[in-house]
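See below for the structure under consideration.
Read the figures in this text as sums done on the coordinates, not as results from a lab. Nothing here was measured: the structure is a model prediction, and the numbers come from that model. Using ideal geometry, Cβ is built from the backbone for each residue, glycine included, and neighbour counts are taken over all protein chains shown.
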Amino acid sequence: MKIEIIDNFLPDYQFKSITKEILSDYFPWYFNDGVIKTGDGHYQFTHTVYDIRQNGVTTNNFSLYYPIIEKLGVTELDRIKLNLNPKKLFHQHSGWHTDQRDPRQKLPFHKKTAVFYINTNNGYTKFKKSGKIVKSVANRIVIFDSNLHHTGYTCTNNLRRVIMNCNYS
């Protein structure tokens, strides 16, 4: 079980161009009635950038994410999704899950997940088996095997916790 954390993942100019768009007032976020699955009692706002199930690119500015894809060494891209979790009074987690696809879906079997933190806040990602906690720090990325159980925790000190989730091989 390898969990790799890299701070200052992107050069400052690339990170600023990404956050300028994602954190703007005009970026389209879509309400999801569920974080792990529909109706799970949680909600979040998402923006899908790429999904193999939806024939690939699903956003207007896909090139904005090239630096991340290139630096990760992606050979097969499954999904890139942005998640926005609003501030909560208390930390709440979304539930233990893996990012591995169900083999019955007959889709490419990706091996890696990367969680890229867009803004700094007191939310975090926690891994079940190791108990490891990765704090939400802007321009930090955590890379791990997609079959590792993990959960995201909301923040209490910022209006929103924004991350990018990338599943790939």
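What size of dipole, in debye to the nearest 20, comes out for the stretch 1-152 about its Cα centre when the only charges are +1 on Lys and Arg C-beta atoms and -1 on Asp and Glu C-beta atoms?
Values: 21 positive and 14 negative charges, 98 e Å.
Its charge dipole is roughly 480 debye.
Starting at the first residue of the stretch 123-133, write each ³J(HN,Hα) from the Karplus equation 6.51 cos²θ - 1.76 cosθ + 1.60 with θ = phi - 60°, in whole Hz, x for Gly and Pro.
x, 6, 10, 10, 9, 5, 5, 8, x, 4, 10
Compute the length gained on full extension between K20 and T98: take 0.36 nm times their separation in residues and subtract their Cα-Cα distance, giving the result in nm to one decimal. Let's see the in-between values first.
Details: separation 78, 0.36 × 78 = 28.08 nm, distance 2.97 nm.
My answer for the length gained is 25.1 nm.
Less than 15 Å apart at the alpha-carbon level, and either on another chain or at least 8 residues along: which aspartates and glutamates does that give for K111?
Answer for K111, where 15 Å is the Cα cut-off: E4, E76, D78, D99, D102, D145, listed by chain and number.
Counting only the backbone N, which residues of the stretch 1-33 are under 20 Å from the spot 7 Å out from the Cα of L64 toward its beta-carbon?
It comes to 8-32, nothing else.
With contacts defined as alpha carbon pairs under 8 Å and 6 or more residues apart, what's the relative contact order of the stretch 1-122 in percent? Write down the numbers at each step before the final one.
Numbers: 103 pairs, mean separation 25.0, N = 122.
The value is 21 percent.
May I ask you to give the average projected area over all directions of the convex hull of the Cα atoms of the stretch 1-152, in nm² rounded to one decimal? Intermediate results must be reported in sequence, preceding the final value.
Values: hull surface 37.7 nm².
So the mean shadow area of the Cα hull is 9.4 nm².
Using every alpha carbon pair in the stretch 22-111, what percent of pairs falls into each 10 Å bin from 0 up to the bin containing the largest distance?
Result returned by the calculation: 13, 40, 37, 9, 0.
Sort out for me the Cα centre separation of the stretch 130-153 from the stretch 39-91, rounded to whole Å.
Comparing the Cα centres of the stretch 130-153 and the stretch 39-91, I get a distance of 15 Å.
Test of understanding: what is the full-extension gain from L159 to Y43, defined as 0.36 nm times their sequence separation minus their Cα-Cα distance?
Details: separation 116, 0.36 × 116 = 41.76 nm, distance 1.49 nm.
Net length gain for the segment: 40.3 nm.
Cα to Cα, under 20 Å, and not fewer than 8 places away if on the same chain: which lysines meet these conditions relative to K112?
K2, K71, K81, K126, K128, K129, K132, K135
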